[in-house]
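Before any comments, here is the structure.
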Amino acid sequence: MENTPQQQYASALVAAIGELSNVPKTASNPYFKSKYAPLDAIVEATRPVLAKHGLAIQQQPLFMEGTAGVETTILHNAGHFTSTTLLLPLKDQSPQGVGSAITYSRRYALAAVLGLATEDDDDGNISTGLSKKTADEARSGVAKAMDRNPETRPAATITATWRGVLPNTAKVAAQSKEGSVRKWTLYCIEFNDNGKLVEAFTFDEKLFTSATKFGEDGTLVDAGVAPNKKDPSKWELVSLVPNEA
């Protein structure tokens, strides 16, 4: 008796998942200082195995009532498919905010439907068992200074431009305490300048989001920077635009 499309789909998916292995975690989680496998690495590692068994993944972007995400569909060449939807709340409805939510949704959904563990199992101080006192003591000097005076800092004036650099990693360097009335986050962006790694800091979430996207896309950028007023040995990131050279 010939297998139905559903049976062929199930057999192919079981075989494919059996051949898949966890993807190396080469990127940094900007909030919990953990590691995760980036979307492009997951796609590159899984697509050949899926194709070998007649399977393909399709992800359609979705936007609905303050949320954004994807509908992930696994298709088999016999005609059967299954779909699941993942929507994430938006911090803001800017193009960057929506794009970031869709990118995260794609990565989470793809890993979930294929049974991959692509992130460290660590959601911060609660999961690691750090007490509030221990967490407070571990806060950086920058964080403690900002706790005392969390006023929004004015943008610096550009004094130099790093041309044709590639955002390598984007992470949170420090942020306000949970429950603080005034919220702030200091971001650290690391750039690859022809093999030399340089970093700049910013409180601007839009610059952080843009750097993350440019890094994922492999887009070279021009970064406008200025020396930090309190510590001239460190750079502040003031602007970020695609390099057009």
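The numbers here are math on the coordinates, done by the rules we state, and not lab data. This is a predicted model, so every value here is computed, not measured. Cβ sites come from the backbone with ideal geometry, for glycine too, and all protein chains shown count toward neighbours.
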In square nanometres, what is the average projected area of the Cα convex hull of segment 54-109? 3.8 nm²
Distance in nm between pseudo-label sites at Glu244 and Asn3 (7 Å out along the Cβ direction from Cα): 5.5 nm
Residue by residue through segment 97-104, the couplings from Karplus 6.51 cos²θ - 1.76 cosθ + 1.60 with θ = phi - 60°, in Hz, x for Gly and Pro, are x, 5, x, 5, 4, 5, 4, 4
Estimated D of segment 5-113 in µm² per second, where Rh is the Kirkwood radius over Cα pairs and Stokes-Einstein applies at 10 °C, 1.306 mPa s: 106 µm²/s
With labels modelled as points extended 7 Å from the Cα through the Cβ direction, what inter-label distance (nm, one decimal) is found for Ser21 paired with Val198? 3.9 nm
Please list the non-local residues whose amide H lies under 5 Å from the amide H of Val238, H modeled 1.01 Å from N, same-chain partners needing a gap of 5 or more. Gly224, Val225, Ala226
Over segment 154-245, what is the relative contact order in percent, taking alpha-carbon pairs closer than 8 angstrom and at least six residues apart? 33 percent
